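Working notes, structure below.
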Amino acid sequence: MMLSFFTDLFTQDFMQRALLAGLLLGVLAPLMGSIVVIRRLSFIADTLGHFSLVGVSVSLFLASIGWSAFFDKPLYLGIVFSVIGGLLIELFRRYYKNYKEISMPIVMSLGAALSAIFFSLSKRTGSLYNYIFGSILTITNYYIVLIGITLFMVLLLFLLFGKQVISVSFDESSAKFQGINLSLFQISFIVVLSIAVSVLLEAAGVLLVSSMMIIPVAAAMKVGWSYRSTLVISILFSELSVFLGLWGAYSLRIPSGASIVAINIIVLVIVAFIKRIVTRKRVKIVNPTLE
């Protein structure tokens with residue numbers, strides 16, 4: 001099975017596209033996920049994914065009434081609605097200043113309801129499966145280009161404003177004292193994150209997009225000694241999960257997004273287990289009387 005996987009990996013175009021897309025997403029997901037985790041917004045990716053799905057369902061609905069131009073690239077409206085969802089989250093966070101966390105369930109509920117309505121109206125519920133669980137093995141060259149553009153944009157922003165991003169993420173009060181416009185940062189972050197989530201949607205699916213962003217970072221936090229080291233390790237974990245996940249999806253004929261996330265979970269469990277053993281050994285060395 002492994003031999004046939006490698007054979008197809010170097011001979012089949014769809015496998016090469018899946019691998020390239022996975023490698024790009026393996027950088028993009030933890031890159032955005034690291035900031036999401038620091039800002040205690042781990043639930044936001046799920047929320048934006050649900051609202052991005054609204055754009056996809058609206059696109060399919062428009063196609064069903066003859067507006068086929070929107071159906072050819074449903075991801076466009078997915079990005080638009082994801083940004084709208086992000087702005088709604090920010091609006092509710094400012095309205096409920098003392099209960100900011102309720103903004104995400106509100107927006108997610110709205111997104112889930114609208115998605116169900118428009119998928120039902122479009123009478124194309126069969127395509128709903130791919131958008132829920134993702135299918136990286138069926139993506140096109142166009143989608144790879146879109147991932148590349150998004151990753152380039154995110155990397156450029158990190159290179160230009162990385163210090164400000166980290167400063168705001170770790171300590172908003174200190175960042176405000178430094179003269180950073182927190183409102184502008186928050187809006188910009190939400191827009192970029194919304195685009196990234198929409199791009200991840202087709203490969204990971206709405207139910208798994210948050211997992212690809214958060215789990216590699218969670219595993220890397222157990223072994224990283226700084227933000228930079230944690231980010232690098234999370235990307236390595238993510239790339240490993242993409243490769244093994246593709247192999248699992250190919251071999252077992254299961255959804256690729258689910259396979260990648262399952263490997264992510266396995267990596268997290270292994271890292272946590274090894275970390276626990278190492279910590280116990282260090283404690284015994286420091287204090288041999290402890291059993």
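Every number here is computed from the coordinates shown, using simple stated rules; none is lab data. Source: prediction; values computed, not measured. Don't worry about glycine lacking a Cβ; one is built from the backbone with ideal geometry, like all the others, and counts go over all protein chains shown.
Some observations on this one:
- Each Cα pair under 8 Å and six or more residues apart adds its sequence gap; the mean of these over the residue count of the chain is a relative contact order of 27 percent.
- Cα-based values for segment 210-288, radius of gyration first and Dmax second, are 14.7, 50 Å.
- Listed values [x] 127; [y] 235; [z] 165, entry calculated as volume of the Cα convex hull per residue in Å³: [z]
- Those trypsin sites (Lys or Arg not before Pro) in segment 59-111 that DSSP places in a loop and that have at most 15 other beta carbons within 10 Å: K97
- Charging the Cβ of each Asp and Glu at -1 and of each Lys and Arg at +1, and nothing else, the dipole of the chain about its Cα centre rounds to 860 debye.
- Listed residues G86, S4, S57: farthest to the positive end of the dipole of segment 3-101 (Cβ charges): G86
- Centre separation in Å (Cα based) which lies between segment 134-164 and segment 9-32: 11
- Segment 182-247: C-alpha gyration tensor shape, a/c 1.5 cut-off, then a/b vs b/c: oblate
- Over the residues of the chain, the helix contribution to mean residue ellipticity at 222 nm works out to -28000 deg cm²/dmol, using -39500 (n - 2.57) for each DSSP H run of at least 4.
- Anisotropy class of segment 1-95 from Cα gyration tensor, a/c 1.5 cut: oblate
- DSSP-loop trypsin sites (Lys or Arg not before Pro) across segment 175-276, with at most 13 other Cβ within 10 angstrom: R253
- Environment charge of V168, counting only residues whose C-beta is closer than 15 Å and scoring Lys/Arg +1, Asp/Glu -1: +2
- Among I65, I215, the ranking by other beta carbons within 10 Å of each residue's beta carbon, starting with the fewest, stands as I65, I215.
- For segment 84-146, fraction of C-alpha pairs farther apart than 18 Å, in %: 57
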